[in-house]
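The values are calculated or read from the model by the stated rules, or taken from the named source; none is laboratory data. Just so we're clear, the structure is a prediction, and the values are computed from it rather than from any experiment. Don't worry about glycine lacking a Cβ; one is built from the backbone with ideal geometry, like all the others, and counts go over all protein chains shown. Surface areas here come from the heavy atoms of the whole protein model, side chains and all, with no ligands, DNA or RNA. Shrake-Rupley method; radii C 1.70, N 1.55, O 1.52, S 1.80 Å.
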Amino acid sequence: MSETVPALRLAAVERRYRTEAGELPVLRGAELALQAGEIVALVAPSGTGKSTLLHLAGLLERPDAGEVFVGGHAAGTLSDADRTAIRRTTIGFVYQFHHLLPEFTAEENVVLPQLAAGTARGAARGRARALLGSFGLTGREDHRPGRLSGGEQQRVAIARALANAPRILLADEPTGNLDVGTAGLVFEELLAAVRGQGLAALIATHNPDLAARMDRVVTLREGRVVEA
């Protein structure tokens, strides 16, 4: 039986940063594979390279060595333009702080990435409303972020991440800025959406209860990914 090609694979990835004190190695031959439909928790102390790993997985940075494969295709060392094109249609991001555009409504925040990917405005509006409705935001589509609660803002951010039907979802402490009760609800909605669409997801969190709800947990140790 042939092995399924991972939706996302990091192969011997290395990343170093230059500092006044010299070169600082952050990732040292990191290996990680995510299959479609798999949700993986990334739990590690601050300063160990979680954000760097997510940035490389999301093609926001190039590795100094090694490669990032998206759907079996080498992508981490492509040009900026080619990596941007892949991010636009294949990878969704959710951050701890929602980073919504304050001058646009909830619906417009979900429409804009679709327009950037070439979706017709009418279709983009329809998908935006459907996504927002699935997160319980029917009737809130025309509200700007400043008129939404923290939980509602993060739900819009998740809908935006899913707008272009990505195959991979990356999240960096997606509920870290919410109170405990709201965080639990939003996280359940995020998991349901990811599972419902069969995405491969890598979710960084400090919350062991949230991590336990995922399929497996990995951590970073001396610049390498290991099973927790």
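Here are the numbers:
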item	result
Given charges at Cβ of Lys, Arg, Asp, Glu: the chain dipole, positive-most of G66, A165, A120	A120
For A228, residues with placed amide H under 5 Å, excluding near neighbours	V217, V218, T219
Solvent exposure ordering (accessible area, 1.4 Å, most first) of L24, L210	L24, L210
Where S134, S51 fall by accessible area, highest first, once all protein chains stay in place (1.4 Å)	S134, S51
Highest-MSF residue in the chain out of A212, A157, A57 [GNM, Cα springs under 10 Å]	A212
Approximate shape of segment 171-222 as ellipsoid semi-axes (Cα gyration tensor, √5λ), whole Å, largest first	17, 16, 9
Phi-based couplings in Hz for segment 178-194 (Karplus 6.51, -1.76, 1.60; Gly and Pro marked x)	10, 5, 4, x, 5, 4, x, 5, 5, 5, 4, 5, 5, 4, 4, 5, 5
Residue order for F97, F104, F187 - accessible surface, 1.4 angstrom probe, largest first	F97, F104, F187
In degrees, nearest ten, helix 121-134 long axis to first principal axis of the chain (Cα)	80
Rounded accessible area of T138 (nearest 10 Å², 1.4 Å probe)	100
Virtual spin-label span in nm between T138 and A165, 7 Å along Cα→Cβ	2.3
Alpha-carbon Debye profile of the chain, log10 I(q)/I(0) at 0.10, 0.14, 0.15, 0.18 Å⁻¹	-0.45, -0.88, -1.00, -1.35
Relative pair counts by distance (%), Cα atoms of segment 97-199, 5 Å bins	2, 14, 26, 25, 22, 9, 2, 0
Using alpha-carbon coordinates, inclination of helix 150-161 to the longest axis of the chain, degrees	70
Distance between modelled label sites at A81 and D64, nm, 7 Å Cα→Cβ extension	2.9
Gain on full stretching of the segment that runs from H73 to Q197 - 0.36 nm per residue minus C-alpha separation	42.5 nm
